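**Student:** I am attaching a structure below and will ask some questions about it afterwards.
Values quoted throughout were computed directly from the atomic coordinates according to the rules given, and no laboratory measurement underlies them. Quick caveat: nothing in here was measured; it's all calculated off a predicted structure. Heads up, the Cβs are rebuilt from the backbone with ideal geometry, glycines too, and the neighbour counts pull from every protein chain shown.
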Amino acid sequence: MSHTRAWQGSRQRKRTLSITRSLFLFPAWKKRQSTVTDDIIFSPVSLSYDVFDGRSTGTPLVFLHGLFGCKSNFQSIGKKLVQQTGRKVLTIDARNHGNSAHSSVMTYEAMCSDLQKLMSQLHIQKCVLIGHSMGGKVAMTTALLQPDLVERLVVVDISPSKTFTQTNFPTYITAMKAVKTDSNIPRSTAKRQAEDQLKSFVKDHSVRQFLLTNLIEENGLYIWRVNLDAITKNLDNLLGFPEFDTSYSGPTLFLGGGNSPYICSEDFPEIQQLFPYSDIQYIEGASHWVHADKPHDFINSIRTFLCSP
């Protein structure tokens, strides 16, 4: 389980820090010039989602996955949280991922509009928003632009900072684009061929398996269901984060992996500025994929946060 100590801030309630290492246009959004060059008017797209109904009338939990992920990443976590909390759980495929619609536009503002549209369609007035990596940035953007939709916020192993230096995602994209498989073959054979080609770029077996969940068959051909062209075009936006002149005043938990570099001490001032009522915790022994590495600790952290003031 995670081990933490407290740090007091003048405007904040308690923060916890690890002892192990130290068509939507929104007026609150300001462009970060290094990542956005043009004003883009965009329309929300339709999102694929799964719902796990609970017996409680409590605010539903909404999970947002990371880059190259999909809604099934949180399926087992979601089911357990339904059992343990009684709350409804919603897991969502982001645009250009899973079974959701594709678009050439892939900014955090656009993904926020997608979520807003879906919540309206499902008559969800407020949720507990839980986002991992890219999904964490979508969750932060939504909380800052549409705070009335977000009762509580959980940001998993990402911060409101640029992530250019820590990420291997450009390498993953290059590797995935280079994959060629035979046609009209069993999926197991295609998956084996693809993995053999990924090995020279992606050394970590678990990461290769994660990427291969996106390999699908279509008319005898094997393709990537993620929109690699859109991700490549928008990668600078995805690795960055918009600038805001506002803050989110709801309870917020930043939950990092103890072995991950994605939430570091240099990020704390920006977290404090944008999310003044936040706790920062680390789960020891977890990598960037916190929920996959330590699901029991992850669930316990979420449950504890849901019960906190």
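**Student:** With r defined as the distance between the Cβ atoms of THR213 and SER308 and R0 fixed at 45 Å, what FRET efficiency is calculated, to the nearest 0.05?
**Tutor:** Rounded to the nearest 0.05, the efficiency is 0.85.
**Student:** Please give the direction-averaged projected area of the C-alpha convex hull for the chain, in square nanometres with one decimal.
**Tutor:** Across all orientations, the chain yields a mean hull projection of 15.8 nm².
**Student:** Let me ask another. Of LYS191/LYS294; LYS79/LYS191; LYS80/LYS126, which pairs sit farther than 23 Å apart, going by alpha carbon to alpha carbon? Could you put the intermediate results ahead of the total?
**Tutor:** Numbers: LYS191/LYS294 26 Å; LYS79/LYS191 28 Å; LYS80/LYS126 21 Å.
From LYS191/LYS294; LYS79/LYS191; LYS80/LYS126, over 23 Å: LYS191/LYS294; LYS79/LYS191.
**Student:** Compare the Cα positions of SER287, LEU239, ALA194 along the charge dipole of the chain (+1 at Cβ of Lys, Arg; -1 at Cβ of Asp, Glu; about the Cα centre) and return the one farthest towards the positive end.
**Tutor:** SER287
**Student:** Only Lys, Arg, Asp and Glu count, each charged at its Cβ (+1, +1, -1, -1), so figure out the dipole size of the chain about its Cα centre, rounded to 20 debye. Before the final figure, lay out each step's value.
**Tutor:** Values: 33 positive and 27 negative charges, 132 e Å.
Once rounded to the nearest 20, the dipole reads 640 debye.
**Student:** Taking θ as phi - 60°, what are the ³J(HN,Hα) couplings along region 201-213 by the Karplus curve (6.51, -1.76, 1.60), each to the nearest whole Hz, with x for Gly and Pro?
**Tutor:** Calculated HN-Hα couplings, in order: 9, 10, 6, 6, 4, 5, 5, 4, 5, 4, 5, 5, 5 Hz.
**Student:** Let me ask something else about it. Counting other beta carbons within 10 Å of each Cβ, put ILE124, ILE271, ILE280 in order, fewest first.
**Tutor:** Least to most surrounded, the residues fall as ILE124, ILE271, ILE280.
**Student:** Continuing with this model, one more query. For SER200, SER100, SER72, what's the fewest-to-most ordering of other Cβ within 10 Å of each Cβ?
**Tutor:** By the 10 Å Cβ count, ascending, the order reads SER200, SER72, SER100.
**Student:** Let me ask something else about it. Under a cut-off of 21 Å between alpha-carbon atoms, report the lysines in cross-link reach of LYS162, not counting same-chain residues fewer than 8 places apart.
**Tutor:** Excluding near neighbours in sequence, the set is LYS30, LYS31, LYS137, LYS233.
**Student:** What does the net charge come to around ASP50 if you take all other residues with beta carbon closer than 13 Å to its beta carbon, with K and R at +1 and D and E at -1?
**Tutor:** Details: positive: LYS71, LYS79, LYS88; negative: ASP53, ASP93.
That sum, taken over residues with Cβ under 13 Å, equals +1.
**Student:** What aspartates and glutamates sit close enough to LYS177 to cross-link, taking a C-alpha to C-alpha distance under 12 Å and skipping anything fewer than 8 places away on the same chain?
**Tutor:** The reachable aspartates and glutamates, counting only those whose Cα sits under 12 Å from LYS177, are ASP229.
**Student:** So what is the 222 nm mean residue ellipticity for the chain from helices alone, if each DSSP H run of at least 4 adds -39500 (n - 2.57) and you divide by all residues, rounding to the nearest 500 deg cm²/dmol?
**Tutor:** -9500 deg cm²/dmol
**Student:** Using the 10 angstrom Cβ neighbour count as an exposure proxy, how do ASP204, ASP236 rank, fewest first?
**Tutor:** Least to most surrounded, the residues fall as ASP204, ASP236.
**Student:** Is there a quick way to get the dipole size of region 169-232? I mean about its Cα centre, with the Cβ of Lys and Arg at +1 and of Asp and Glu at -1; what is the value in debye to the nearest 20?
**Tutor:** Roughly 160 debye, rounded to the nearest 20.
**Student:** A further question on this structure: Set Lys and Arg Cβ to +1 and Asp and Glu Cβ to -1, take the dipole of the chain about its Cα centre, and tell me which of VAL179, LEU274, ALA101 lies farthest positive.
**Tutor:** Positive-most Cα among the choices belongs to LEU274.
**Student:** For LEU253, enumerate residues with amide H under 5 Å from its amide H, sequence gap 5+ or separate chain, H modeled in the peptide plane.
**Tutor:** Close amide H contacts, sequence-distant or interchain: LEU153, VAL154, VAL155, ASP279.
**Student:** Beyond 22 Å, what percent of the Cα pairs of region 83-241 remain?
**Tutor:** Of the Cα pairs, 49 percent sit more than 22 Å apart.
**Student:** Would you kindly derive the ³J(HN,Hα) couplings of region 94-104 from the backbone phi angles with the Karplus curve 6.51 cos²θ - 1.76 cosθ + 1.60 (θ = phi - 60°), listing them in order in whole Hz, with x for Gly and Pro?
**Tutor:** Those phi angles translate into 5, 3, 6, 9, x, 9, 7, 5, 9, 7, 6 Hz.
**Student:** Using the Karplus curve 6.51 cos²θ - 1.76 cosθ + 1.60 with θ = phi - 60°, work out ³J(HN,Hα) for each residue of region 243-253 in order, rounded to whole Hz, and write x for Gly and Pro.
**Tutor:** 8, 10, 10, 9, 9, 9, 9, x, x, 9, 10
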